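Values in this text are rule-based calculations from the coordinates and carry no lab data. Because the structure is a prediction, the values reported are computed rather than measured. When we count neighbours, we look across all protein chains shown, and the Cβ atoms used for this are built from the backbone with ideal geometry, even at glycine.
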Amino acid sequence: MLSIGPAWQTLYQYRLNYVLEIGVSYCDVVREGIGEQHRLYHDTEYGFPLATDAELFGRLILEINQAGLSWTTILNKKDNFHRAYAGYDIDRIARFNDRDRARLMADAGIIRNRLKIEAAIENARRVREMRDTHGSFANWLDRHHPLDRAEWVKLFKKTFRFTGGEIVNEFLISTGYLAGAHDADCPVFKKVKKLKPAWMRVTKGTPLPE
């Protein structure tokens with residue numbers, strides 16, 4: 001049985017996938033009871049492939065907004081983000097104007113950071129442009145998979161706003177493009193594996209051996 005007090009819980013509120021030197025993982029901490037919002041995210045979302053561009057873009061918005069804050073804060077505001085950002089409808093977000101910017105800056109239910117709000121709007125416009133070249137955000141990701149972390153970060157920085165290394169790394173782990181969301185002995189790992197996330201493909205269309 002692990003002994004995980006408030007100090008450990010605080011650490012895990014900041015980076016979900018970070019494994020401490022003593023070998024305590026996010027899966028370990030969730031099992032010890034870091035909080036119901038973390039358990040739900042760990043058990044039903046973290047590392048699971050996402051089917052739609054709206055879901056992918058919504059996750060990117062959340063990861064960008066987590067920068068400098070705790071993931072607990074983002075999980076507590078997750079429903080508010082979905083509402084404030086038009087259900088993550090990329091076309092609608094891309095059309096946000098000064099009135100929408102003012103509305104978001106006044107919304108205490110989300111993170112009121114002008115740079116992060118501007119990044120969401122501009123990134124929506126860039127995803128719209130991807131449709132002309134790749135058909136969708138998901139296709140763009142699949143087209144570039146597999147890349148290593150450094151290559152992904154370089155690509156995201158070239159393509160999007162406000163996408164530093166930790167944001168990109170966590171976005172890709174949380175959506176199944178990079179491995180590491182769950183320990184191999186975590187029951188959720190088996191559920192995720194059945195969904196064949198992108199990290200299981202060594203090359204496009206080639207699954208890892210069982």
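Assorted remarks:
- Computed log10 I(q)/I(0) for segment 53-174 at 0.10, 0.14, 0.22 Å⁻¹: -0.28, -0.56, -1.39, from the Debye equation with unit scatterers placed on every C-alpha and solvent omitted.
- Electrostatic bookkeeping for Arg125 treats Lys and Arg as +1 and Asp and Glu as -1; over the other residues with beta carbon under 15 Å from its beta carbon, the sum is -1.
- Residues in segment 29-44 carry Karplus couplings, in order, of 5, 4, 4, 7, x, 6, x, 5, 5, 5, 4, 4, 5, 4, 7, 10 Hz; the curve used is 6.51 cos²θ - 1.76 cosθ + 1.60 with θ = phi - 60°, and Gly or Pro positions show x.
- Scalar couplings 3J(HN,Hα) for segment 116-129, obtained by applying the Karplus form with A = 6.51, B = -1.76, C = 1.60 to θ = phi - 60°, are 6, 5, 4, 5, 4, 5, 5, 5, 4, 5, 6, 5, 4, 5 Hz; x denotes Gly and Pro.
- Pairs with C-alpha atoms separated by more than 29 Å, drawn from the list Lys77/Lys157; Lys77/Lys191; Lys78/Lys194; Lys154/Lys190; Lys78/Lys190, are Lys154/Lys190.
- Residues of segment 66-83 with amide N under 13 Å of a point placed 7 Å along Cα→Cβ from Leu115: 66-69
- Net charge over other residues, Cβ less than 13 angstrom from the Cβ of Asp28 (K, R count +1; D, E count -1): -1
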